[in-house]
Amino acid sequence: MTYLHKQLARREFLRRTALATAYAGTPFAATLGTIGEVAAQTATDYKALVCIFMFGGNDQSNTIVPVENGAYGSYQSARPAIALPQATLLPLSLSGHTGPQLGLNPAFATLKPLVSAGQCALMANVGTLAYPTTLAQYKARSVQTPLGLFSHSDQQASWQSGLPTKGSATGWLGRAADLLSSGYNPGASVSMCMSLAGNNLIQAGNSVVQYQVTTSGPVVIDTMDPTHWRYNAEMAAAMNTLLTQQRTHMLEQAYTTVGARAIATGQTAKSALAAAPTLATVFPAGGLAAQLRMVARLIAARNGLGHKRQVYFVSQGGYDFHDMLVENQGDRLGELSNAMAAFYAATVELGVANSVTTFTASDFGRGLQSNGRGSDHGWGSHHFIMGGAVKGNKLYGQWPTVALGGPEDLGQGRLVPTTSVDRYAATLATWFGVSAANLPTVLPNVTRFATAATAGLGFL
């Protein structure tokens, strides 16, 4: 599931309709969008970004926890009914970390080895920011803050668009794909941006159109698929004519463009998957694991798809724990841990572990203060970055004071972020191939936090 901050205005709809019509029968990304990325024209390397969006706002305080006695005591006193027992935490020995020793939620038993081995990193207290913001500035209202703080739909849109003070029809991964698609995936009929979790904002570009795939594979029309038992040649020809014939009315032609694209893309993707190497890695049960398994299969099919760059979106819901946090968050995080570990194993099997970077995102963090058996909406949160290229077993950003009334606490233990989504995203986009010159096109506010050349946080 996903939420859009704004519906497209009529003029924007017509603009996109005209754009879609113009690109009928062409690759998804326009060449004009890639002028700035000249180096990509001769690229031979492969890279993929995989976004795992945790819908509902994951509680960061029970995800990564201080295990030292004094720091743990402050954490426990703020949430006595929902604090995790100290003895159950999975202690970490993070390279270069000077703060209190940290531990993972016990549900991360399968992900912890990847952290310790250096294939997974922790990102502390990251969140949506319009400008660098201190607690004093927030209380004095002396700096602009994101629209709809603590609102699910607004903060999902802010994370995905990278534009927290206004509505947007595009997301930062979609804008990166606009720049890179033609250079890295020339002539590909399947979009660089593929979603296993339905329509989303983060992959929406000005020219790139995200392609939605199910956990069973691409959706094709059975009667038009020669490999399906329902296939009928005469019916297939009639349907192809009906769905692809050119129209004079703009809206009818837009429908025709979508139909023609769906037919061509579905068959191409299905054929590429059928020709791809068989995946031996065993994935656990669960919806997120099923999504990531299909991502792994599509990565295996990258040559048949004509892709040197791929962007994937998967999601996991149910993180809005105002109640029964301890009982239920562990189940979600356990599913996340198992799915991520299996996916990393699959990238190793496919020989692309160093070329695939997986990262988590969520609406927001939550307040440290317990409301009884749960926690309420917050702001800054902690996240994970996984992959062979990741400089793991480290914590990036600034570890917050885990205590009520701390220097980042705007009330009830809700954290003012000390790292912006812009810099988190800039690190990923730069590794993916976006140049410093074009980084402000992908993340228009990034230079409020650092120069384009220094915006990276160092985890890649």
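The values are calculated or read from the model by the stated rules, or taken from the named source; none is laboratory data. These numbers come from a predicted model, not from an experiment. All Cβ positions, even for glycine, are placed from backbone atoms using ideal geometry, and neighbour counts span all protein chains on display. When the accessible area is computed, the model is the full protein with side chains, heavy atoms only, and any ligands, DNA or RNA have been set aside. Shrake-Rupley method; radii C 1.70, N 1.55, O 1.52, S 1.80 Å.
Per the listing ALA238, ALA262, ALA290, the residue uniquely modelled with pLDDT of 75 or more and outside any loop (DSSP other than H, G, I, E, B) is ALA290.
The numbered conditions (1) modelled with pLDDT of 95 or more; (2) part of a helix (DSSP H, G or I); (3) open to solvent by 30 Å² or more (accessible area, probe 1.4 Å) are all true for PHE343 except (3).
When segment 134-170 is examined, which residues are found to be open to solvent by less than 40 Å² (accessible area, probe 1.4 Å), in contact with a Ser or Thr (Cβ under 7 Å, 6 or more places away or on another chain) and under 12 Å from VAL416 (Cβ atoms)? Correct list: VAL143, PRO146.
Count, please, the residues in segment 269-289 that happen to be open to solvent by 40 Å² or more (accessible area, probe 1.4 Å), touching a residue at least 60 places away in the same chain (Cβ under 8 Å) and within 22 Å of GLN210 (Cβ to Cβ). First the steps, then the outcome.
First pass over segment 269-289, keeping only residues open to solvent by 40 Å² or more (accessible area, probe 1.4 Å): 270-271, 274-275, 277-278, 280, 282, 284-285, 287.
Subsequent filtering for residues that are touching a residue at least 60 places away in the same chain (Cβ under 8 Å) retains 277, 280, 282, 287.
Now narrow it down to the ones that are within 22 Å of GLN210 (Cβ to Cβ): 287.
Going through segment 269-289 one residue at a time, the tally reaches 1.
No other residue among ALA87, ALA107 is outside any loop (DSSP other than H, G, I, E, B) and within 26 Å of the chain's Cα centre (by Cα) apart from ALA107. Taken together, the residues in segment 182-203 that are within 18 Å of ALA425 (Cα to Cα) and open to solvent by 10 Å² or more (accessible area, probe 1.4 Å) amount to 0.
Note on segment 408-432: residues that are open to solvent by 20 Å² or more (accessible area, probe 1.4 Å) and within 25 Å of ARG309 (Cβ to Cβ) total 3. Open to solvent by less than 10 Å² (accessible area, probe 1.4 Å) and over 22 Å from the mean Cα position of the chain (by Cα): does that describe LEU325? Against the criterion (open to solvent by less than 10 Å² (accessible area, probe 1.4 Å) and over 22 Å from the mean Cα position of the chain (by Cα)), LEU325 qualifies. For segment 353-389, the tally of residues that are within 18 Å of ALA48 (Cβ to Cβ) and open to solvent by 10 Å² or more (accessible area, probe 1.4 Å) stands at 5.
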